[in-house]
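Engineer: What follows is a structure written as structure tokens; I'll ask about it next.
The values are calculated or read from the model by the stated rules, or taken from the named source; none is laboratory data. No experiment lies behind these values; they were computed from the predicted model shown. Backbone-built Cβ (ideal geometry, glycine too); neighbour counts: all protein chains shown. Remember, those area values only see protein heavy atoms, side chains included, never the ligands or the DNA or RNA. Shrake-Rupley method; radii C 1.70, N 1.55, O 1.52, S 1.80 Å.
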Amino acid sequence: MDDNFFLRSMRREVFKVCQSNVCENLEITFGLIHIDTSFEICVRRNEERNGLKKVPFNVILKMSHNFEEANANKAPWEQHNFKTSIGEPSFIEVLRCALICLQKSVDEPVKANIFNEQDLENAAKDRSLTLRNKIHQTDILLRNIVGIICRRDKSYARTANITKKEVLSFAKSGVFSSDEISLREEVIARYSETFCNNMSISKEEFDEMLSLEL
């Protein structure tokens, strides 16, 4: 999986999915490859993005401050991990180390976890809390989008609000990502597609509508 996974809890959720799918005829491996990118490079690359692809500066700053590196002492399930940096001089050496990490994860596949009743109850509560948080973040972002559209052209107000309800309903199914940047991108993409279909306008027109404010 290719994602930010900047919190250990996010990676833990993926590991738990691996555990829950292990069976007699299926081995699953879990390993982490961390491509370390400096805050300055992230900001510079973000400045080169246009319109909806640009991430708010405060989101990048928050992620930088809260980033939790893999640590097998704190989380034994993160034991197979490899960290490299942007601009690493020897690609061959980086590739060699990455392959060693992956091979170790293959040699020590994930073991199935036997949950007791309390574990299952706690897991259900965690999933419910995560979903409510995602829905709240989605609702705030959608309100912002609707406000921008209405300020540009009030004749779009009804369709903008109908689209908001459709996307929020979709979010309640729990399909959007957990981390803030991916969630934002997925919500905007879903809203863009739905709004353009409802209004019969091009994606370029929609992007232009939001590009100066969002």
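Engineer: Given a Förster radius of 35 Å and the C-beta distance between K74 and A112 as r, what FRET efficiency does 1/(1 + (r/R0)^6) yield to the nearest 0.05?
Structural biologist: 0.95
Engineer: Okay, next question. Quick check: pseudo-label points 7 Å beyond the Cα along Cα→Cβ at S173 and E24, how many nm apart are they?
Structural biologist: Those two pseudo-labels are separated by 3.5 nm.
Engineer: So, one more: Mind ranking F30, F57, F170, F195 by accessible surface for me, highest first, 1.4 Å probe?
Structural biologist: Sorted descending by solvent-accessible area, the residues read F57, F170, F30, F195.
Engineer: Which entries in the list K53/K134; K16/K164; K62/K104; K16/K54; K53/K203 go over 25 Å, if you measure between the two C-alpha atoms of each?
Structural biologist: Too far apart for the 25 Å limit: K16/K164; K62/K104; K16/K54.
Engineer: Relative to the present Cα-Cα distance, how much length would full extension add between T84 and N197 at 0.36 nm per residue of separation?
Structural biologist: 36.4 nm
Engineer: Each label point is 7 Å from the Cα along the Cα-to-Cβ direction; what then is the distance between the points at E47 and E185, in nm?
Structural biologist: It is 2.1 nm.
Engineer: Would you kindly find the accessible area of S90, with a 1.4 Å probe and non-protein molecules such as ligands, DNA and RNA excluded, rounding to the nearest 10 Å²?
Structural biologist: It works out to around 50 Å².
Engineer: Let me ask another. For the charge dipole of the chain, defined by +1 on Lys and Arg C-beta atoms and -1 on Asp and Glu C-beta atoms about the Cα centroid, which residue among L183, N161, I35 has the Cα displaced farthest towards the positive pole?
Structural biologist: Among L183, N161, I35, the one farthest towards the positive end of the dipole of the chain is N161.
Engineer: About its Cα centre, what dipole magnitude does the chain give when the only charges are +1 on Lys and Arg Cβ and -1 on Asp and Glu Cβ, stated in debye to the nearest 20?
Structural biologist: It comes to approximately 820 debye.
Engineer: Right, another one. From the square roots a ≥ b ≥ c of the eigenvalues of the alpha-carbon gyration tensor of the chain, which class results: rounded (a/c under 1.5), prolate (a/b over b/c), or oblate?
Structural biologist: oblate
Engineer: Kindly sort R45, R190, R11, R158 by accessible area of their heavy atoms, largest first, with the probe set to 1.4 Å.
Structural biologist: Ranked from most to least accessible, the order is R158, R45, R190, R11.
Engineer: Show D36, D139, D107 ordered by accessible area, largest first, where the area counts protein heavy atoms only and the probe is 1.4 Å.
Structural biologist: Sorted by accessible area, descending: D107, D36, D139.
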